[in-house]
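Report on one structure; see the data block that follows.
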C-alpha cells in the first residue's frame, strides 16, 4: 500500500484545524456519556415500563430485567418508493437476528421518504431538499427516548441517507449502522431512456410511448439503477465505513441481502458500550471519513447533490468542509468508474465488474484513501476491499477481484478514465458553483454565449416550445436556491437543453438550483451561491449579457457589459412558491436556510463556538 497522497493529507489536516474547536465541543457529548450501562436503566421505572409494553415476551423480559443491548431501528419504509419497499420485512429479520445475538431490536420510529422521481417538475419538489432536515428531525425524535444502545438506520435515497445520518450524529455516543436494501434489476438502458425523454421534449413521440419507456426503466423493487444521489449515498457509506463491507449494491430480497442485514444487526449488538468494541458514530464519522467520502465522489463521478449534503453531514459531526476542499481533492483523484449519466452502464454493471470492493482496494493501494479510519465492520477500511458471498448458508468475505470484470465500466488507478475527478468547483464574478464535467464531452466543456434569463423551469420549457431557445445561449435560471423556493432539482430541463445541443447550438446552464443525478451531457454550473434570493450576482444578469462558463478552468464570468455589477438585483416574485402542496409548512426552513456551500440547511450551526 502506497503512502497517503500528500494533497489528501494536507486537505485533511486543514479541515481538522479549521474544525478543531467545533469538533472538540462535539466530542464532549460522547465523553459525557456512560455507555457501559444499558441506556434504559437510566430511566425511571415508569419510563422503562413504557419501552417494553408492546414487546414480545422474551424481549420484554430482557428489557425489564436483563442486560441485553437494545437496538433502535429507524426506518424510511414506504411501499410507494421502490428503493424502500423492501424494508417492509426488515424489522422481522432484524428482531430475530438480534435475539440470536443476545439483543433486543425495536422500531424506534419512521422517517418520511419522498421520491424526487415522482415530484420532479412539480410543486412537491420544492419540499425535497428540506425533507432532509425533516428526516434528521424525525430521526432525533425516534432516538430521543434514550432507551437504545445502538441504532440501525434503514434508508437509501436522495435526502434520506443524509437526513438519517445527520439525525444520528446528534446522538454521537450511539453506535449506528446504515442498512441498504439494494438496486432493482437492470431494465431499459439508461441511455435509451434519456433518448426517449429527449424525443418527447422535441414532440417526436407521445406520452404513451414515453410512459412505456419509463415503466421499463423503473420496473421493480429496489433503488433506481442510474448513478444519481441514491447510489452515490451508498458509495459514500462504504467509504466512511458505515455499512457492512460491500453491502451497497447487493440486490434486494435474496439470501445474500438478508445475510448482510443479519450481520449488520449482530454487529450493532457487538459495538455497543456494553461490550469490548465500543464504536460510537461520532468517532466513526471523523475528518478522515468525510475526506474518504469526498474522494469516492470524485473517483466515481457521483452526484453533485453531495456538494450540499456532505457539508451538512460533516457539520453535524462538528467538522467544517467547503467546496475548495472538493476542488483540491478532485485534482488528485482519478476517475475510475463510468456509470450513467457518466457512461452507459448502471450500478448493477458496476457491481458485477468488481464494484465497491475493487474501487476501495484500488484507491487504498494508491494511497488515495485514509485506510486507518474506524469502521462499523471492524478493523480498518481494508475490510471494505472484500466482497461478501454465501458458502452454503454462511456469510463470508473474499478479496476483491484482481482485475476489473469490465473496463468500460470500472478501471484501476493505472488506467483511469481521466486523471482527475469528475466534479469541479466553478468560481468567478457570478459566484461559486459546481459542475459535473465527467458527463460532458471534452469539446462541450467551455461555452461562451449570450444569456437568456428565466425565473422558473416552466418558463424555460415554454420558451423551448416556442422555439425561442434555438440559438447559442447560456440559460440562467434564478430564484431556485434554498432561501427562494427550497432549491428543487431542475430535472425537466435536461432533455430539452440536450436537444438544443444536439441541434448544433452551444448551450450551457447556470442556476442557483440543483440537478444532481440529472446532470448529464450539457455543461451545467449549478448551486450558484450567493443565490438570487440573497441578492447574489446571478440576480444581476440580464438577457444578452455575454457569459463564459468554463468547465475546464472552473470559471464562471460575465464578460460584457463591463458595468453589469452596478445593476440592482432583480426582485424575485416568490408568492407562488409560498403556499400549496404543504410549502407553507416549510417557510421556517426557507427563511433560515444557510448557503448551498454550507449545506443549505435550516439548522446550520449545531455546536456554536
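Here are a few things to note about the model shown:
- Most simply put, the chain has about 45% antiparallel DSSP beta bridges, counting only bridges with both residues inside it.
- Using a cutoff of 8 angstrom between alpha carbon atoms and counting only pairs six or more residues apart, the relative contact order for the chain works out to 15 percent.
- 10 Å binning of all Cα-Cα separations within segment 193-262, expressed as whole percents from 0 upward: 18, 34, 25, 17, 6
- Helix-only mean residue ellipticity at 222 nm for the chain, each DSSP H run of n ≥ 4 adding -39500 (n - 2.57), per residue, nearest 500: -11000 deg cm²/dmol
- Angle between the chain longest axis and helix 306-316 axis [Cα atoms, degrees, rounded to 10]: 40 degrees
- Note: relative contact order over segment 90-170, using C-alpha pairs below 8 Å and six or more positions apart, is 31 percent.
- Residues 99, 414 arranged by fewest to most Cβ contacts within 10 Å: 414, 99
- Neighbour counts of other Cβ atoms within 10 Å put 80, 125, 426, 244 in the fewest-to-most order 80, 125, 426, 244.
- Between segment 27-76 and segment 187-250, the C-alpha centres lie 40 angstrom from each other.
- Computed over segment 424-577: relative contact order in percent, which uses C-alpha pairs under 8 Å that are six or more apart: 32 percent
- Relative to the dominant Cα principal axis of the chain, helix 90-100 is inclined by about 30°.
- Fraction of C-alpha pairs exceeding 20 angstrom in segment 424-577: 41 percent, rounded to a whole number.
- Taking other Cβ atoms within 10 Å as a rough exposure proxy, 478, 115 sort from fewest to most as 115, 478.
- The separation of segment 126-163 from segment 414-478, counted between C-alpha centres, amounts to 33 Å.
- Mean projected area of the convex hull spanned by the Cα atoms of the chain, taken over all viewing directions: 26.4 nm².
- The separation of segment 354-377 from segment 572-609, counted between C-alpha centres, amounts to 36 Å.
- Computed over segment 507-609, the P(r) curve from all C-alpha pair distances, binned at 10 Å from the origin, holds 12, 36, 34, 16, 1 percent per bin.
Any read-out appearing in this document is the output of simple, stated calculations on the displayed coordinates, not a laboratory observation. As the structure is a computational prediction, the values presented were derived from the model and not from experiment. Positions of Cβ are generated from backbone atoms using ideal geometry, with glycine treated the same way; all protein chains shown enter the neighbour counts.
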